[in-house]
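Read the figures in this text as sums done on the coordinates, not as results from a lab. Source: prediction; values computed, not measured. Methodologically, a virtual Cβ is constructed for each residue, glycine included, from the backbone with ideal geometry; neighbour enumeration extends over all protein chains shown.
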Amino acid sequence: FNPQYLAFNTLITGKTGSGKSVFGNALSQSLLRDPNIHVIKVDVGGSYRRECALNHGLEISFHLDRPSGIDPFYSSKALEISNEELTVMVELVCTLALEEGESFVSKSIRADFEKGIRSYFKERRSSRSLSDFITTTKNLPRQNILERWAKGGVFENAIHPGDKKPDNRYI
């Protein structure tokens, strides 16, 4: 692990019963020994619910009828955005903007999102959110697709921060 990076991402895949959860648990326990490390696990199957509770973590479930508590735009208060933060946010917006059957967006669209996010962070806003970014940033590609994730859209609660503050080391 390079201390220059703000975040690391890992994907563990395999057949049922192949040891993914066992490996994930061991990796988490090892990482949580360092008080400076924060662990966020995205788990579709719920295999880490017990581990989350044992580590006094915060389990966040995604539902369309109430805010999830996760919005990377909301958590950052800085006027300048680091390259690592920018990469995470661009990746999120690119994923949300995918059209049916696509697995990635073009470099041109990615560059437009990057430019929009950089500009958004240079503005002095009292409160940032993905929804605010989508509705206030001009000339975003695939605006109509992204608006589904903004306030008033069908998926508005999926990423909306609500009143939760995910500040636990283990989420």
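Numbers at a glance
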| item | result |
| --- | --- |
| Per-residue HN-Hα couplings for the range 15-24 [Karplus 6.51, -1.76, 1.60; θ = phi - 60°; Hz; x = Gly/Pro] | 5, 4, x, 7, x, 4, 5, 4, 5, x |
| Gyration tensor (alpha-carbon) shape descriptor, the range 80-159, a/c threshold 1.5 | oblate |
| Sites Lys138 and Glu80 - FRET efficiency at Förster radius 25 Å, r taken between beta-carbons, to 0.05 | 0.75 |
| Relative contact order of the range 86-150, defined on C-alpha pairs under 8 angstrom at six or more residues apart (%) | 37 |
| Amide H contacts under 5 Å for Val39, placed H, 5+ residues apart | Tyr170, Ile171 |
